[in-house]
Amino acid sequence: MNTLGWKIPYTRPEYPAALKQAGFGPLLSAVLALRGIRTAEAAQALLESGIDCLHDPMRMQGMPAAVERIRRAIGQKEAVAVYGDYDVDGITATCLLTDYLRGKGLRCVGYIPDRNEEGYGLNCAALDSLRADGVTLLITVDCGITAVEEAEYTKRIGMDMIVTDHHECKPGALPDALAVIDCKQEGNRYPNPDLCGVGVALKLVCACEGNAAAMLERYADLVAVGTVADVMPLVGENRFLVRQGLEKLVHNPRPGFAAMLREAGVDPERITASSIGFSLAPRLNAAGRLGQATRAAELLMATEPDKAAALAAELCELNRQRQSIETEIWKDALHQLEGRHPDEPIVLASDRWHQGVIGIAASRLAEQFSLPAIMVCLNGDHGKGSCRSYGGFNLFEALSACSRHLLGFGGHALAAGMTISRDKLNDFRAALAAYYRANRPKPVPDVNCDLLIRDPSLLTLENVRELDRLEPFGNANPKPVFCFSDALLESADQVGGGRHLKVRVSLGGARLDGIFFSHSAQALGVAAGDRVDLAFTPQINEFRGHASVQLVISALRRHDGTALCRKILAGEGNTAYAAAAFCPQRADFVRIWRGAGGRLSLPEDAEGILSLCPKDMEPERFCLCLMILQEAGLLHSADGRIFGACCCATEGKADLNATPLMQSLQLELEGDHS
């Protein structure tokens, strides 16, 4: 595993004056500053971007040729097929383009391959079937960029082919189609390379229609669901598309989404990107994973509420089946690991696993062990694998480097698929491990906090509500994670039948309640009365007409000041904000000095120094005392560092309050967050 524990920012938050003058509150201002936004203009561009942030789709390579061919098909009333993928992105893209072309009077076939019988991407049997049905133009969505052989086959059987995709392009291996639209292909000039498949499909219909606003009003919900489900960066154009889609889901959802939201128990007035990620997407994905993707497409294309309700109930049942299958696969995967904690990519295989569900299990493995994970479903001499990354490791490049052991692969840096011969598994596992050792990503924190809050008065209802302006949260625009350090855990009680932990903490005279889902105090090793660190996202909890700030906790531990102590002892000058809570008093200096009998001699390393800390004194306070004594000339070392320092004689009385460190601590205590 390649992790670093907790990462806590010890520096004072930045509250840009320009944001304050523009009326932004301190909490939102601090988060914006962390994301490089320090002016009102930049903040407004992020938070209030309008349709003018959409780029011209005709800038996409291949778009002019695609538009000309589609308009010709419309004019000649040709039969057209939209060939998609069985995940949420592919399903929404298929529905969007199929609906548009049918609206133009065409006979349009939406085709999504069966995940279990046909697998990912185009296959010649499906192409033969579509051609026999009279199709003369095939348009791919969310797939096709690697379909070199299939593109040649469509020519031989008399079909034109347009490829629209967003996956990585293999150099020199693009399909020879009438048009290839993929923002990742070489020479593409479109400014946003991070559209998902349904985003590219939207751009295609915008180019055909010549009216982006009308197409967005009609299809923004499909684009939002596909974009969030495919974990695309929610910045710039993508952010605007998702915001528009969320508005449509709240105010004017298509019958299928309305039925699914009701079935999933989502508050129709409070639909967020998280609602998509945790409620809509899993249910739509379940259909594709279990070979029923066409049922999900039928749901999204439904116009009658009764039919939509029946399909939504069916998909929810499929999702329950998926969860059961996933649990069994997860248990089997852990059994294969036999209690080991690997430090290289995990590659597991089995004949018993369900091909459609192994991707979720691979994601769980990657998170559990902080490593890339690949799970292969074997069938005879071959296997199909789902790959998930961790810590920024580029899976697509890794699979490219190990491609001699594979029959095929495709996907993204963070998620990919592959096919492999059974007898090549061990060779591939060894090659991937060697590549990982040579390209090991930088360690990532187990807990990565954005902002250390020393003054809980920042967490007012107004300030917390203002954070909602950052929605939609997701990839590249995550929910900000705040933290308390050395808070008092006043209470810790199990709720929800013992499944969740409800806590009350106090810091700086303020008390706040928090909830830690799926955790227990016993497992965390904490109890009421402990000093703790906690990472959290604040939210507004409304109960019986009363609103209060609640902490949704993502990590909790006994307080550990080791990292801050090391920074203090190293003389880093940016620790005063975090260390101010431990500002020593005169009695602390007297105690340390007298305890050493005036003969204080410090070890040569931080561990040794910390071992001298009195049991009932905070280590941070002890380290501050030592550094201030050194600044006052009462401790001395040959190299000027605290390590190895010892008492030295001084003339007159030392003024500890006049030392730079003590003054910076006192300034922090006197300051506020304005």
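Of all residues in region 480-495, which are in contact with an Asp or Glu (Cβ under 9 Å, 6 or more places away or on another chain), within 27 Å of PHE278 (Cβ to Cβ) and open to solvent by 10 Å² or more (accessible area, probe 1.4 Å)? If the condition is that a residue be in contact with an Asp or Glu (Cβ under 9 Å, 6 or more places away or on another chain), within 27 Å of PHE278 (Cβ to Cβ) and open to solvent by 10 Å² or more (accessible area, probe 1.4 Å), then VAL481, ALA492 are the ones that fit.
Can you tell me which residues in region 217-232 are open to solvent by 10 Å² or more (accessible area, probe 1.4 Å), under 28 Å from LEU414 (Cβ atoms) and assigned to a helix (DSSP H, G or I)?
Going residue by residue through region 217-232, those that are open to solvent by 10 Å² or more (accessible area, probe 1.4 Å) are 217-218, 228-232.
Now restrict to residues that are under 28 Å from LEU414 (Cβ atoms): 228-232.
Within region 217-232, VAL228, ALA229 qualify.
I'd like the residue in region 464-486 that is free of Cβ contacts under 8 Å to residues at least 60 places away in the same chain and in contact with a strand residue (DSSP E or B) (Cβ under 8 Å, 6 or more places away or on another chain) and, out of all such residues, is nearest to ASP513 (Cα to Cα).
From region 464-486, those free of Cβ contacts under 8 Å to residues at least 60 places away in the same chain are 468, 478-479, 482, 484; that's our starting set.
Filter again for in contact with a strand residue (DSSP E or B) (Cβ under 8 Å, 6 or more places away or on another chain), leaving 479, 482, 484.
Details: LYS479: 19, PHE482: 15, PHE484: 13 Å.
Within region 464-486, the match that is nearest to ASP513 (Cα to Cα) is PHE484.
Could you list, in sequence order, the residues of region 263-278 that are open to solvent by less than 30 Å² (accessible area, probe 1.4 Å) and either within 13 Å of PRO253 (Cβ to Cβ) or assigned to a loop (DSSP other than H, G, I, E, B) (or both)? Within region 263-278, ALA264, VAL266, ILE271, SER275, ILE276 qualify. Among the residues of region 38-52, those identified as closer than 19 Å to ASN192 by Cβ and either among the hydroxyl-bearing types (Ser, Thr, Tyr) or surrounded by 14 or more Cβ atoms within 10 Å (Cβ to Cβ) (or both) are ALA42, ALA45, LEU46, LEU47, SER49. In region 53-71, of all residues being touching a Phe, Trp or Tyr at 6+ places or on another chain (Cβ under 6 Å) and hydrophobic (A, V, I, L, M, F, W, C), the one that is least open to solvent (accessible area, probe 1.4 Å) corresponds to MET60.
Taking the listed residues TYR120, TYR100, the one that is part of a loop (DSSP other than H, G, I, E, B), out of contact with any Asp or Glu (no Cβ under 6 Å at 6 or more places or on another chain), touching a residue at least 60 places away in the same chain (Cβ under 8 Å) and not polar (S, T, N, Q) is TYR120, with no other qualifying.
Let's see how each residue does on (1) small (Gly, Ala, Ser); (2) within 26 Å of the chain's Cα centre (by Cα):
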residue	(1), (2)
ALA286	yes, yes
GLN292	no, no
MET301	no, no
LYS307	no, no
ARG320	no, yes
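Each row is one residue, and each column tells you yes or no for (1) surrounded by fewer than 24 Cβ atoms within 10 Å (Cβ to Cβ); (2) under 27 Å from PHE409 (Cα atoms).
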{"position": "ALA73", "(1), (2)": "yes, no"}
{"position": "TYR83", "(1), (2)": "no, yes"}
{"position": "VAL88", "(1), (2)": "no, yes"}
{"position": "VAL109", "(1), (2)": "yes, no"}
{"position": "ASP128", "(1), (2)": "yes, yes"}
{"position": "LEU138", "(1), (2)": "no, yes"}
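Quick check: anything in region 629-637 open to solvent by 30 Å² or more (accessible area, probe 1.4 Å), touching a strand residue (DSSP E or B) at 6+ places or on another chain (Cβ under 9 Å) and not in a helix (DSSP H, G or I)? Within region 629-637, one or more residues are open to solvent by 30 Å² or more (accessible area, probe 1.4 Å), touching a strand residue (DSSP E or B) at 6+ places or on another chain (Cβ under 9 Å) and not in a helix (DSSP H, G or I).
Among the residues of region 325-362, how many are open to solvent by less than 40 Å² (accessible area, probe 1.4 Å), touching a residue at least 12 places away in the same chain (Cβ under 8 Å) and more than 25 Å from the chain's Cα centre (by Cα)?
Keep residues of region 325-362 that are open to solvent by less than 40 Å² (accessible area, probe 1.4 Å), which gives 326, 329-330, 332-333, 337, 342, 345-350, 353, 355-362.
If we keep only those that are touching a residue at least 12 places away in the same chain (Cβ under 8 Å) too, we end up with 326, 329-330, 332-333, 342, 345-350, 353, 355-362.
Remaining after also requiring more than 25 Å from the chain's Cα centre (by Cα): 332, 349-350, 353.
Qualifying residue count, region 325-362: 4.
Within region 187-204, residues that are under 13 Å from VAL82 (Cα atoms) have Cβ atoms under 6 Å from residues that are crowded, with 24+ Cβ neighbours inside 10 Å and among the acidic types (Asp, Glu) in these pairs: GLY197/ASP89; GLY197/ASP142; VAL198/ASP89, counting only partners at least 6 apart in sequence or on another chain. Listed by first and then second residue, the pairs with beta-carbon distance under 9 Å, at least 6 apart or on different chains, first residue in region 70-97 and free of Cβ contacts under 8 Å to residues at least 24 places away in the same chain, second hydrophobic (A, V, I, L, M, F, W, C) and open to solvent by less than 10 Å² (accessible area, probe 1.4 Å), are ARG72/LEU137. Residues that are open to solvent by 30 Å² or more (accessible area, probe 1.4 Å) number at least 2 in the following helices (runs of 4 or more DSSP H) confined to region 507-622: 521-524, 562-569, 586-595, 606-610.
Would you check which residues across region 469-494 are over 30 Å from GLU247 (Cα atoms) and either at pLDDT below 95 or out of contact with any Leu (no Cβ under 9 Å at 6 or more places or on another chain) (or both) and list them?
Filtering region 469-494 down to residues over 30 Å from GLU247 (Cα atoms) leaves 483-494.
Correct list: GLU490, SER491.
Restricting attention to region 233-249 and to residues that are surrounded by 21 or more Cβ atoms within 10 Å (Cβ to Cβ) and among the basic types (Lys, Arg), the residue that is nearest to GLY277 (Cα to Cα) turns out to be ARG239. Across region 376-408, what is the number of residues that are acidic (Asp, Glu) and under 18 Å from ALA431 (Cβ atoms)? Count: 1.
Among the residues of region 1-16, not a single one is modelled with pLDDT of 95 or more and in a helix (DSSP H, G or I).
Assess whether LEU461 counts as being at pLDDT 95 or above, touching a strand residue (DSSP E or B) at 6+ places or on another chain (Cβ under 7 Å) and surrounded by 19 or more Cβ atoms within 10 Å (Cβ to Cβ). Write out each step before concluding.
Numbers: at pLDDT 95 or above: yes; touching a strand residue (DSSP E or B) at 6+ places or on another chain (Cβ under 7 Å): yes; surrounded by 19 or more Cβ atoms within 10 Å (Cβ to Cβ): no.
Spelling it out, it is not the case that LEU461 is at pLDDT 95 or above, touching a strand residue (DSSP E or B) at 6+ places or on another chain (Cβ under 7 Å) and surrounded by 19 or more Cβ atoms within 10 Å (Cβ to Cβ).
The values are calculated or read from the model by the stated rules, or taken from the named source; none is laboratory data. Predicted model only: the values in this text are computed from it and were never measured. Quick reminder, even Gly has a Cβ in these numbers, built from the backbone with ideal geometry, and neighbours come from all protein chains shown. Ligands, DNA and RNA are excluded from the accessible area calculation, which covers all protein heavy atoms including side chains. Shrake-Rupley method; radii C 1.70, N 1.55, O 1.52, S 1.80 Å.
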